[in-house]
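Read-outs throughout are calculated quantities, based only on the coordinates presented, and are distinct from any laboratory measurement. Please read all numbers here as calculations on a predicted model, not as lab measurements. In this analysis, Cβ positions are derived from the backbone assuming ideal geometry, glycine residues included, and neighbour counts consider all displayed protein chains.
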């Protein structure tokens, strides 16, 4: 018969506890590599997050501190470009500008103003022929014109409206239409019956009272006649 000694019995009782310890030790060594990996992964994540945040911060600083284009400089460049385009459009040589709104005439050479004169331009009034549907509008023609003719001591050949305006019958003879002195000492024709010429009514200069022609004072007209050759451009606005 086999009997167990007290010591053997004690050892037998402790064996489950030892088994648990062995399992704990084995589990520790099993989980240690996994924990190490997790710790390393966490460290890498933290480092990446820090680097990413730092880069984002640097980028945001770069955006904030990057120089913004100066809108004033851009406007100056646009203005300079526009001035060049306008300079290219400016007529070369001598030309005449007529401002019908202010009744002023300018003689210019490029950007240089050579002379300025007070004038009279079209009244804008309308005249109706009582015996027909014909009517006249007394406007100075706007646009670009050219001095086509130059005449000393011009004669005025009165058109129909000049007689209708005075309630006079239309003459049957051509000579009855001709008048001297009405156009001053000089006349510069720009076509379609329109002239830059003198006037007997110098007191009316500066007002819109003509029948479409441009009336100019004696001294200003003489200067224009002498200095503006045939072919000179006339800009009327």
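List of remarks:
- In this calculation the C-beta distance from residue 79 to residue 227 is compared with R0 = 41 Å, giving a FRET efficiency of 0.80.
- Segment residue 168-residue 123, extension gain: residue separation times 0.36 nm, minus the distance between their alpha carbons: 14.1 nm
- Scaling the Cα radius of gyration of the stretch 180-237 by the globular reference 2.2 N^0.38 Å produces a ratio of 1.07.
- Per-residue Cβ neighbour counts within 10 Å put 138, 174 in the sequence 174, 138, beginning with the fewest.
- For residue 155 and residue 201, the difference between the fully extended length at 0.36 nm per residue and the C-alpha to C-alpha distance is 14.9 nm.
- Take 124-131, 192-199, 140-147 and order them by the average number of nearby Cβ atoms within 10 Å per residue, most first; the result is 192-199, 140-147, 124-131.
- Exposure proxy shown here: for 172, 116, the number of other Cβ atoms within 10 Å sets the order, fewest to most, as 172, 116.
- Available extension along the chain between residue 235 and residue 178 is 17.6 nm, counting 0.36 nm per residue and deducting the alpha carbon span.
- Structural size metrics of the stretch 89-236, computed from C-alpha coordinates, are Rg and Dmax of 15.8, 50 Å.
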